[in-house]
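Enquirer: This structure is in structure tokens; I'll ask about it shortly.
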Amino acid sequence: MKKLLTIAGSDCSGGAGIQADLKTFSAYGVFGMSVIVSVVAENTARVISIQNITPEVISDQIDAIYEDIGTDAVKIGMLSDHECMEAVGYKLKQYRPKHIVIDPVMYAKNGSPLMQQDAVGTLIRDILPFADVLTPNIPEAERITGITIESIHDMEEAAKRIADQGVRHVLVKGGHSLGDEATDILYDGQQMYYFTEKRIDTLNTHGTGCTYSSAIAAGLALTDNLHEAVKQAKAYVTTAIRHSLHIGSGPGPTHHFYDLYQHGLQRSDPTKQI
Ligand SMILES: Nc1ncnc2c1ncn2[C@@H]1O[C@H](COP(=O)(O)OP(=O)(O)OP(=O)(O)O)[C@@H](O)[C@H]1O
Ligand SMILES: Cc1ncc(CO)c(N)n1
């Protein structure tokens, strides 16, 4: 049984964060564990408050995992401030887990900030170097690089600049772009690879990024192959968006039914050469 850990924030409304990650792990049939970094009082429409867990308790949770069970892959999501980042970075250095997928969460789908504005430097310096793959959406890639992204070419440029900062694989997600297709670009420092699906006409995309990065982590643990993991995860997240729920007054959540992973695998190949 593959063992997956998510280090992230808790979304009490169940669509994103730790909750989306654990649902994804279950659908993949792997064993899910969680280190909670922040408790976020949020729903589809707004973020009401954020309570960060103390660095000591974040560290204790990570110790609890590694002194006992260990992991086959780790997904890292919301890290809201310098202290959380430093605590997580310190433990990653200590335990050096295999397969680290980092989703550099900065905002919720409804636009609410989830990371302190001035923490981006710490994120780049202390956290990004641990990523085997980093999965920024367009606003996050803009924030990390300082460039404006309006085209596939701009996404490629952002991927290159992030790779130049020492990130091994960068997957710039196109969920926030306009157009008929949702294309994500994977860059390995040498070549670009494209993962494309038809854009689904829905507002219910709360938690898509969390779902995608967790699916990639689970796929890495299962296959040891990043391209295969991204291909399967793209099929998984697309199916989860197709079945997303129109609940709440803001962007509704993706839905993870129990055989979604198998269901996603039967879909056509999302890999496309542009
Ligand atoms: N309407 C859509 N139809 C199809 N695929 C989509 C749609 N919206 C997003 N995606 C895909 O979902 C995945 C997640 O990308 P997205 O850019 O939405 O992440 P995100 O903004 O980090 O999500 P969140 O912050 O809500 O967790 C990507 O593969 C993206 O292409
Ligand atoms: C806790 C948490 N993590 C990530 C996101 C991004 O979707 C969110 N809305 N909430």
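Enquirer: If you take the residues of region 198-212 that are near ligand 1 (Cβ under 6 Å from one of its atoms), open to solvent by less than 20 Å² (accessible area, probe 1.4 Å) and not in a helix (DSSP H, G or I), which of them is farthest from Pro253 (Cα to Cα)?
Expert: The selected residue is Gly207.
Enquirer: Mind listing whichever residues of region 114-136 are in contact (Cβ under 8 Å) with a residue 60 or more places away in the chain and either away from ligand 1 (no atom under 16 Å from the Cβ) or out of contact with any Ser or Thr (no Cβ under 8 Å at 6 or more places or on another chain) (or both)?
Expert: Within region 114-136, Asp132, Val133 qualify.
Enquirer: Quick one: how many residues across region 91-112 are within 14 Å of ligand 2 (Cβ to nearest atom) and without any contact (Cβ under 8 Å) to a residue 40 or more places away in the chain?
Expert: Adding up the residues that qualify gives 3.
Enquirer: All but one of (1) closer than 30 Å to Asp72 by Cα; (2) out of contact with any Pro (no Cβ under 9 Å at 6 or more places or on another chain); (3) not in a loop (DSSP other than H, G, I, E, B) hold for Leu171; state the number of the condition that does not hold.
Expert: Here Leu171 clears every test but (2).
Enquirer: Please give the number of the condition Ala27 fails out of (1) within 18 Å of His256 (Cα to Cα); (2) in a strand (DSSP E or B); (3) open to solvent by 10 Å² or more (accessible area, probe 1.4 Å).
Expert: The single condition Ala27 does not satisfy is (2).
Enquirer: A further question on this structure: Can you confirm whether region 168-175 contains a residue that is at pLDDT 95 or above and surrounded by fewer than 24 Cβ atoms within 10 Å (Cβ to Cβ)?
Expert: Yes - at least one qualifying residue is present in region 168-175.
Enquirer: Shifting gears a bit: Since Lys91 meets every condition but one in (1) modelled with pLDDT of 95 or more; (2) surrounded by 15 or more Cβ atoms within 10 Å (Cβ to Cβ); (3) part of a loop (DSSP other than H, G, I, E, B); (4) of a type in the set (Lys, Arg), which condition does it not meet?
Expert: Unmet for Lys91, out of (1) modelled with pLDDT of 95 or more; (2) surrounded by 15 or more Cβ atoms within 10 Å (Cβ to Cβ); (3) part of a loop (DSSP other than H, G, I, E, B); (4) of a type in the set (Lys, Arg): (3).
Enquirer: Moving on to the next point. Select from region 224-233 the residues that are open to solvent by 10 Å² or more (accessible area, probe 1.4 Å) and not acidic (Asp, Glu) and list them in ascending order.
Expert: Asn225, Leu226, His227, Lys231, Gln232, listed by residue number.
Enquirer: Return the residues of region 43-87 that are open to solvent by less than 20 Å² (accessible area, probe 1.4 Å), among the β-branched types (Val, Ile, Thr) and within 16 Å of Met106 (Cβ to Cβ); say none if nothing qualifies.
Expert: Ile76
Enquirer: Taking the condition more than 14 Å from ligand 2 (Cβ to nearest atom) and aliphatic (A, V, I, L, M), does Ile65 pass?
Expert: yes
Enquirer: Here is a follow-up. Which condition number in (1) closer than 20 Å to Ile100 by Cβ; (2) within 12 Å of ligand 1 (Cβ to nearest atom) is the one that Val170 fails?
Expert: (2)
The values are calculated or read from the model by the stated rules, or taken from the named source; none is laboratory data. These figures come from a predicted structure and were not determined experimentally. Using ideal geometry, Cβ is built from the backbone for each residue, glycine included, and neighbour counts are taken over all protein chains shown. Just so you know, the surface numbers come from the protein's heavy atoms only, side chains and all, with ligands and any DNA or RNA stripped out. Shrake-Rupley method; radii C 1.70, N 1.55, O 1.52, S 1.80 Å.
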